[in-house]
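Here's the structure we're looking at; comments come further down.
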Amino acid sequence: QVQVVESGGGLVQPGGSLRLSCAASLSIFRFYGMAWYRQAPGKQRELVAHITSGGTTNHAPPVKGRFTMSRDSAKNTLYLQMNSLKPEDTAVYYCTATRSGGIYWGQGTQVTVSS
């Protein structure tokens, strides 16, 4: 059973930083790729960042230069470092992992950017 569990969300002021974590139940090298998505109230879910099994990352234009995705293979954990946060970054953030059996989603973690 593949599981991914997010943590690290919370309330932060504009301009602040947060680091999200996503712990996987098996080696991250056994996934084709992993990603962070987010969904703001009343909006569609959108891709934030993606990493391939080889370690190539891509970040969506709204977060490029502010967010950085990384991974720690020894801990089977994916990270999303979020800097210079804006109110429009407020959303539930989800981690996903893709294998031959499909895409596995975490339960999400709330990020609220507000003064």
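The values are calculated or read from the model by the stated rules, or taken from the named source; none is laboratory data. Please read these numbers as outputs of a predicted model, since none were measured by experiment. Quick reminder, even Gly has a Cβ in these numbers, built from the backbone with ideal geometry, and neighbours come from all protein chains shown.
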Scan of the range 42-69 for residues that are out of contact with any Ser or Thr (no Cβ under 6 Å at 6 or more places or on another chain), touching a residue at least 12 places away in the same chain (Cβ under 8 Å), within 22 Å of Y104 (Cβ to Cβ) and not charged (D, E, K, R), ordered by number: L47, V48, A49, H50, T52, S53, G55, T57, A60, F67
Test: residue in the range 96-108 that is under 24 Å from G16 (Cα atoms), part of a strand (DSSP E or B) and not aromatic (F, W, Y): no
Given (1) farther than 17 Å from Q13 by Cβ; (2) at pLDDT 95 or above, number of the condition S73 does not satisfy: (2)
Search result, residues across the range 90-115 that are crowded, with 19+ Cβ neighbours inside 10 Å and over 12 Å from the mean Cα position of the chain (by Cα): V113
Residue count, the range 7-41 (criterion: modelled with pLDDT of 95 or more, farther than 14 Å from W105 by Cα and over 11 Å from the mean Cα position of the chain (by Cα)): 10
Residue that is nearest to S7 (Cα to Cα), among those in the range 46-78 that are surrounded by 13 or more Cβ atoms within 10 Å (Cβ to Cβ) and basic (K, R): R71
